[in-house]
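The values are calculated or read from the model by the stated rules, or taken from the named source; none is laboratory data. Note that this is a predicted model, so its numbers are computed, not measured. In this analysis, Cβ positions are derived from the backbone assuming ideal geometry, glycine residues included, and neighbour counts consider all displayed protein chains.
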Amino acid sequence: MLNSPEWNISLFSFLLSFVWEIQQMPFYRISPTLSCFDMNRNCTLATVGDVGISLVSFWVVAALLNSRRWVRQPSRWQVNVFILVGVLITIAFEALATQSLGIWSYADSMPSVPILGTGLLPLLMWLVIPPVTLWLVKRQLRAAN
């Protein structure tokens, strides 16, 4: 299991994304009646979604290369495709959640991307977390062999 790319993507993505989700909470509208447990549950659910996005991004690159081993020595374009897929999915999910479905909303403090209306912090996450995740996965897979 330690040498499974998907396991490692999931593990490191979860750990890094959870910290990010907790840190960006002040940029969302949160009911003052929401308990600490509920806030942590919401962050955990969002993190599980982030892990799902990371896995889909990984599998898109793997499908393009016909190999799950790409993560052992990712090229710049592979990392860029991994990030781009995550960004595109995030834009779609944020639009659904904040506009169509009304699941959550941004606080006034959340900077947003003009035209898209997507929060800047959810997008920045996909520029910061994926490269670190891939670096950690690469190191872990090297150590597991």
Give the stretch 47-62 a look and list any residue that's under 10 Å from the mean Cα position of the chain (by Cα) and crowded, with 18+ Cβ neighbours inside 10 Å, or say none. THR47, ASP50, VAL51, ILE53, SER54, SER57
The condition from (1) of a type in the set (A, V, I, L, M, F, W, C); (2) surrounded by fewer than 18 Cβ atoms within 10 Å (Cβ to Cβ); (3) under 21 Å from SER54 (Cβ atoms); (4) in contact (Cβ under 8 Å) with a residue 40 or more places away in the chain that ALA107 misses is numbered (3)
Can you tell me how many residues in the stretch 27-40 are in a helix (DSSP H, G or I) and either surrounded by 10 or more Cβ atoms within 10 Å (Cβ to Cβ) or within 17 Å of the chain's Cα centre (by Cα) (or both)? 4
So the check is Cβ under 6 Å with 6+ separation or different chains; which pairs have a first residue in the stretch 33-60 that's without any contact (Cβ under 8 Å) to a residue 60 or more places away in the chain and a second one that's of a type in the set (Ser, Thr, Tyr) and surrounded by 15 or more Cβ atoms within 10 Å (Cβ to Cβ)? THR47/SER17; VAL51/SER10; VAL51/SER13
(1) out of contact with any strand residue (DSSP E or B) (no Cβ under 7 Å at 6 or more places or on another chain); (2) outside any helix (DSSP H, G or I): which one isn't true of GLN78, the others all being true? (2)
If a residue has to be touching a residue at least 12 places away in the same chain (Cβ under 8 Å), surrounded by fewer than 20 Cβ atoms within 10 Å (Cβ to Cβ) and among the hydrophobic types (A, V, I, L, M, F, W, C) to count, how many in the stretch 63-83 make the cut? 5
Check whether at least one residue in the stretch 120-141 is surrounded by fewer than 17 Cβ atoms within 10 Å (Cβ to Cβ), assigned to a loop (DSSP other than H, G, I, E, B) and either hydroxyl-bearing (Ser, Thr, Tyr) or in contact with a strand residue (DSSP E or B) (Cβ under 7 Å, 6 or more places away or on another chain) (or both), and report yes or no. no
For the stretch 85-96, give me the residue count where each residue is hydrophobic (A, V, I, L, M, F, W, C) and either in contact (Cβ under 8 Å) with a residue 12 or more places away in the chain or not in a helix (DSSP H, G or I) (or both). 6
Look at GLY102 and say whether it is touching a residue at least 12 places away in the same chain (Cβ under 8 Å) and at positive phi. no
Within the bounds of the stretch 103-116, is there any residue that is in a helix (DSSP H, G or I) and at pLDDT below 95? no
